[in-house]
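K.L.:
If you scroll down you'll find the structure; I have some questions about it.
The values are calculated or read from the model by the stated rules, or taken from the named source; none is laboratory data. This one's a predicted model, so the numbers in the text were calculated from it and none came from an experiment. Cβ placement follows ideal geometry from the backbone for every residue including glycine, while neighbour counts extend to all protein chains displayed.
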Amino acid sequence: MERTFVMFKPDCLERALLGRILARFEEKGLRLVAMKMLRVTPALAKQHYAEHVEKPFYPGLEEFITASPVVATIFAGPEVIRVVREMLGATSGLKAAAGTIRGDYSASRQMNLVHASDSPESAAREIGIYFKPDEIQSWDPSLACWLQAPGEA
């Protein structure tokens, strides 16, 4: 079963949207396997956004991501990386389709509520930054048999 890293950003928490957005992933049938609240430090921001550190927009990005707590999560499920990214919609809330999380709740490119891994490699790297192996739960909810037919997972 594929895993992905999902971070609920400071604007999501400041706007009290965490529960509403988290519920959308659960209602889709994605399995929450790890979750923690933390403050992203400047050092952690540089590690997470390593590919952007030298770019001119990075100082504003770091200021934003360190401004308030975030909630880091890992979701598991079939094709979970693609599914989560499609649920989020386009990076800019102004360009995201209605019905997507960003399309419904965001009007910004930077303050777009949720970060999600874009590939298996990114997921592995980001999960490794935020979680130790013993913080990840492997479990099968009793409802799982009602979410996918045998052989689909």
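K.L.:
Condition first: without any contact (Cβ under 8 Å) to a residue 60 or more places away in the chain and of a type in the set (A, V, I, L, M, F, W, C). Now tell me which residues in segment 125-153 satisfy that.
P.N.:
Result: Leu143, Cys145, Trp146, Ala149.
K.L.:
Pairs needed: first member in segment 63-79, more than 17 Å from Ile127 (Cβ to Cβ); second member anywhere, buried (at least 22 other Cβ atoms within 10 Å of the Cβ); C-beta distance under 6 Å; at least 6 residues apart or different chains.
P.N.:
Listed by first residue and then by second, the contacts come to Ile65/Val40; Thr66/Val40.
K.L.:
State all residues of segment 35-49 that are of a type outside the set (S, T, N, Q) and surrounded by fewer than 20 Cβ atoms within 10 Å (Cβ to Cβ); if no residue qualifies, say none.
P.N.:
Met35, Lys36, Met37, Leu38, Arg39, Pro42, Ala43, Leu44, Ala45, Lys46, Tyr49
K.L.:
Looking for whichever is of a type in the set (A, V, I, L, M) and modelled with pLDDT under 95 here; the options are Leu113, Leu143, Leu88, Leu44. Which one fits?
P.N.:
Leu143 is the lone residue from the list that is of a type in the set (A, V, I, L, M) and modelled with pLDDT under 95.
K.L.:
Restricting to segment 50-77, name every residue that is over 18 Å from Ser108 (Cα atoms), small (Gly, Ala, Ser) and surrounded by 13 or more Cβ atoms within 10 Å (Cβ to Cβ).
P.N.:
Selection gives Ala72, Ala76, Gly77.
K.L.:
Mind counting the residues in segment 1-23 that are under 12 Å from the mean Cα position of the chain (by Cα) and more than 13 Å from Val71 (Cβ to Cβ)?
P.N.:
Adding up the residues that qualify gives 2.
K.L.:
In the list Ala76, Ala72, Ala90, which residue meets the criterion of being among the hydrophobic types (A, V, I, L, M, F, W, C) and in contact with a Gly (Cβ under 9 Å, 6 or more places away or on another chain)?
P.N.:
Ala90 is the lone residue from the list that is among the hydrophobic types (A, V, I, L, M, F, W, C) and in contact with a Gly (Cβ under 9 Å, 6 or more places away or on another chain).
K.L.:
Here's something else I'd like to know. For Met87, state whether it is under 16 Å from Gly19 (Cα atoms) and touching a residue at least 24 places away in the same chain (Cβ under 8 Å).
P.N.:
Taking the combined requirement at face value, the residue satisfies it.
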